[in-house]
Structure formats: structure tokens, C-alpha cells
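Taking it in order: structure first as C-alpha cells, then the write-up.
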Amino acid sequence: MITIQFKRFGNGIFVPHVDVLRNLNRTFRRAEIDVGYSKGFVKHMKLKLTQPLPFGVADEDGYVTADVEVEDLKKALNDFNENCPPFLRAVAIYRTEKNPNLAGIVNFCDYVVPARLNGEQIDAINTLPIDYAITIKKGDVEEKKSTEGLIKRIFADENGLRATLAFGNVNLRIDKLIEQFNSDFSTRFELTETTRTVQRIVSDKDTTVADFLKNIASECFFAS
């Protein structure tokens with residue numbers, strides 16, 4: 001079992017999650033990395049991604065786990081990068097005995113959203129009440145959703161926003177949060193300027209996915 005850590009950038013922010021998966025399928029095939037297939041009626045390559053990001057968000061910390069054994073991790077990583085689309089780039093590869101189930105255990109992500117903020121906007125974001133609510137539209141119905149427990153860290157300055165938000169089964173979408181900020185505080189955050197920088201596993205301690213994989217991997221290799 002291998003897990004590849006990758007970046008998605010440039011025009012890749014406009015590639016939806018399902019097409020990212022298709023591109024990863026093609027990349028593994030072109031790289032001649034012989035990933036296993038499911039045994040159901042409609043067979044598919046056994047690739048596992050973490051939960052999808054909102055459309056338009058760049059990713060510096062993506063992961064795909066593949067059901068395959070490779071002898072040479074360095075060669076597999078180089079072959080992947082020689083065959084991936086121009087908006088993807090692998091930065092590391094990890095060998096693990098079992099599927100690390102990242103989609104099930106990642107529960108927070110870090111985001112950076114650059115923007116020019118004034119003092120009033122900075123103060124408003126840095127002093128958000130614990131029960132700050134965002135508006136969620138479902139068809140013609142609007143609902144208020146409290147962000148209590150869903151924001152681990154948040155910080156604004158004159159250069160923009162940095163935030164650590166719940167992600168996965170319990171989720172606070174970065175697009176909904178900055179949309180609410182734009183409405184409440186007259187900020188001008190742009191989703192297409194937003195980047196996820198880190199995926200985290202937060203339980204008794206706060207661990208990045210990269211550190212988690214380093215601890216459980218029998219071998220790893222990093223791109224130069």
C-alpha cells in the first residue's frame with residue numbers, strides 16, 4: 001500500500017473532485033504503477049482520497065492512497081510526476097502495511113486566504129463569538145449554522161486570513177465561511193485565491209497527516 005502526497009495548483013483549482021480522481025487513474029496507468037482493481041460488477045482502480053475541497057480551492061496537501069506494492073519508491077514517485085497533468089505534482093510517497101484510512105481520520109484543515117483587510121475587519125474576525133453563525137442555503141430555504149466547535153484557530157491581519165476549520169464527516173466549508181465574512185464584514189475574500197495548506201488529525205494531540213504517515217510508514221521518499 002502506498003500513499004502519495006501531492007499538490008494541485010494553477011488551473012487545477014477548476015478541476016472538480018471526480019475529475020481529479022480520473023486524472024489520478026490515468027497518471028497511475030501511464031506511469032505503469034499496477035494499482036489493484038475492485039472485484040465488483042463495475043471495476044474501478046482502488047484509489048482513496050480524503051474528502052473533496054470546494055471547487056476553486058488550491059491544495060498544497062492532498063493525498064491519494066493506492067492498493068499497490070512497488071519495489072522502488074523513488075522510481076514510483078518520479079514516474080508519477082513524469083506522467084501527471086501539469087496542475088498536479090507529487091511531493092512525497094509513503095509505504096504502509098495497511099490503508100491509513102485518511103478520509104476517516106482527517107478532521108481539520110488549515111487554509112490561507114489572501115486579501116487586504118482594514119483594522120475594523122481584522123478585529124471583527126479575530127474576536128468572533130464562539131457561536132458565530134453562517135447562512136446555509138438549501139434550495140430556496142436558508143438555515144443558520146453555528147460554527148461552535150468547528151473553528152480550531154483563526155487569525156486575520158492586513159494580508160488576509162489563516163484558519164483551521166473542521167473537515168471531513170463534520171465540516172465547516174471554507175467557501176461558506178468567507179462568503180459570510182464578505183457579507184458581514186465587507187471583506188473581499190476570493191475563493192479562487194484560497195489554498196488548503198495542511199490536513200490534520202486532531203484527537204488527544206494535533207498531528208499533521210504528513211507526520212502521521214511518517215510515523216506509520218515503513219519507508220518514505222520525498223521529491224527533490
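Amide H of Val198 versus every other amide H placed in the peptide plane: which residues, excluding those fewer than 5 positions away on the same chain, fall under 5 Å?
Excluding prolines and chain starts, which carry no amide H, the hits are Asp110.
Please give the Cα centre distance for the stretch 171-209 versus the stretch 72-104, rounded to the nearest Å.
The two parts, judged by their Cα centres, are 25 Å apart.
For the chain, take the longest principal axis of its alpha carbons; what is the angle in degrees between that and the long axis of helix 73-83, to the nearest 10 within 0 to 90?
The angle comes out near 70 degrees.
Compute the helix-to-body angle for 174-185: its Cα long axis versus the longest principal axis of the chain, expressed 0 to 90° and rounded to tens.
10 degrees
Over the Cα atoms of the chain, what radius of gyration and what Dmax do you get, in Å?
For the chain, the Cα radius of gyration and maximum Cα-Cα distance read 18.9, 59 Å.
Work through the residues other than Leu161 whose Cβ is under 15 Å from its Cβ and net out their charges, Lys, Arg +1 and Asp, Glu -1.
Summing Lys/Arg as +1 and Asp/Glu as -1 gives -2.
So if each residue of separation counts as 0.36 nm, and I subtract the Cα-Cα distance between Asn182 and Asp72, what length gain in nm does that give?
34.8 nm
A short reminder: the numbers here are calculations on the coordinates, not readings from a lab. The structure displayed is predicted, hence computed values, not measured ones. When we count neighbours, we look across all protein chains shown, and the Cβ atoms used for this are built from the backbone with ideal geometry, even at glycine.
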